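Below you'll find the structure, written out as structure tokens, and then a few comments.
Only the coordinates and a few stated rules stand behind these numbers; no lab work does. This is a predicted model, so every value here is computed, not measured. No Cβ is skipped: glycine too gets one built from the backbone with ideal geometry, and neighbour counts run over all protein chains shown.
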Amino acid sequence: MAKEVKMADIAKKMNVSVVTVSKALSGQKGVGTKLREQIRLTANEMGYLAPSQTRHAREKGSYNIGILVSDKYLDKYESFYWKLYQEIATKALQSQCFTLLEILSLEGEQRLQMPHLLKEHKVDGLIIIGMISGEYLDYLEENTKIPMIYMDFYNKNQSCDAVVTDNYYGMYKMTDYLFAMGHTRIAYVGNVLSNSSVTDRFFGYAKALLEHGQNIREDWIIKDRHEDSKMSKTAYQIVLPVDLPTAFACNCDHTASNLIRVLRQNGYQVPADISVIGFDNYLYPGLCDIGITTYEVNIEEMVSKCIQYITCKIAGEPYRKGISIIEGRPVYKESVVAARAVIN
């Protein structure tokens, strides 16, 4: 029997990513006309069959898994969610499953438009990466019976199945590390209510402050993005407080890199003058020239659990229901020094 051609095989032959192949074959935006045609031609030559063509020919346990992600998370420099998707696509292929990506526009979210993947019955289950509005999630839950898993967020309005990193304890641990390094004047950078991850990380920061007898100062809760979700976080100019802390706890590495740039513009050096921590341990190459001390998200374990749970849900088999919290680990780099070395 001839070997079944996978998207990964086409990607390898074309020297492009699996994401690019998926978008080209499913008609998604983001791939040039010429490259799209070349990918389709190569797919035909290699004998690739679309998931809908092979649905009934696949072995038991092999499914089409839809991946839905909001376009607000796909800024060139905010590529953590691209990495999540690539890991899911790779892990799914190892489990003999296909992934189909759909990017949800802000308009589609606001107008409660059903994803094409669901409307056209192309997938057996759906993984939603990154928080979208509760109203839209409620709409999906009410209008489709397809099994769903949320990744990197949860919906407070529903009894949902979700896989998230340990946002609360992770930021608590990193802020506590700053105290261990002698810092007591620590600010938090992130729009606290922008999504569940940023909120939980703020409360981890707050717990560490209160345990060390420090008050939570309103002027040290600093925004890192526009309130308008249509605007990129990259374009936001972080405003430093008049009374500077000796350290900043940032809700992600991307924000930490933006903060370091703003500090330098104002004549401060990291870590010689001010220490900075981040979260994720993932940053677009070239955004920062020093290593950011951070809390590493265990992407591999999160993806593994996500694929396990969605396939079990599709098959009607037992799985761990509810919210699964995956522990990460601190990664110590160059952006923090002991407070006694801070130049005030």
- Task: Give the peptides 124-133, 92-101, 323-332 in descending order of average Cβ contacts within 10 Å, highest first.
- Result: 124-133, 92-101, 323-332
- Distance from segment 188-216 to segment 262-285 (C-alpha centre basis), Å: 19
- Query: Along segment 7-22, what does the Karplus equation 6.51 cos²θ - 1.76 cosθ + 1.60 (θ = phi - 60°) give for ³J(HN,Hα), rounded to whole Hz, x for Gly and Pro?
  - Reply: 4, 5, 5, 5, 4, 5, 5, 7, 6, 10, 7, 4, 4, 4, 4, 4
- Message: Defining a contact as two alpha carbons under 8 Å apart and six or more residues distant in sequence, what relative contact order in percent does segment 198-295 show?
- Response: 22
- Interchain or long-range residues, amide H under 5 Å from L104's placed H: V69, S70, D71
- Just for the chain, what percent of DSSP beta bridges are antiparallel, to the closest 5? 10
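For segment 211-344, what number of Lys pairs, 8 or more residues apart or on separate chains, have alpha-carbon atoms under 25 Å from each other? Before the final figure, lay out the partial values.
On the way: K223/K233; K223/K333; K233/K333; K305/K313; K305/K321; K313/K321.
Lysine pairs satisfying the spacing and distance rule in segment 211-344 number 6.
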- Query: Which residues' amide hydrogens lie under 5 Å from the amide hydrogen of A187, considering only partners 5 or more residues apart or on another chain, with H built in the peptide plane?
  - Reply: A247, F248, A249
- Principal axes first, then extents: for the Cα atoms of segment 151-260, list largest minus smallest coordinate on each axis, whole Å, largest first. 40, 32, 21
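Please identify every one of the GluC sites (Glu not before Pro) in segment 177-267 that sits in a loop by DSSP and has no more than 13 other beta carbons within 10 Å of its own beta carbon.
Filter output for segment 177-267: E227.
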- Residues whose placed amide H lies under 5 Å from that of V297, excluding near-sequence neighbours: D280, N281
- Calculated from DSSP helices alone, with each H run of at least 4 adding -39500 (n - 2.57) and the total divided by the residues of the chain, [θ]222 nm to the nearest 500 comes to -11500 deg cm²/dmol
- H121 and E142 label points (each 7 Å along its Cα→Cβ direction) are spaced in nm at 2.4
- Under the 7 Å Cα-to-Cβ spin-label approximation, E211 and E227 lie apart by a distance in nanometres of 3.4
- What percent do you get for the relative contact order of the chain when only Cα pairs under 8 Å and 6+ apart count? 16
- Query: Assigning unit charges at the beta carbon (Lys, Arg +1; Asp, Glu -1) and nothing else, what dipole magnitude in debye, to the nearest 20, does the chain show about its Cα centre?
  - Reply: 820
- Message: Give me F80, F179 sorted ascending by neighbouring Cβ count inside 10 Å, so fewest comes first.
- Response: F179, F80
- Stretch E301-R111 to full length: gain in nm at 0.36 nm per residue minus the Cα-Cα span? 65.0 nm
- Query: For the chain, what is the convex hull (Cα atoms) projected area averaged across all directions, in square nanometres?
  - Reply: 18.6
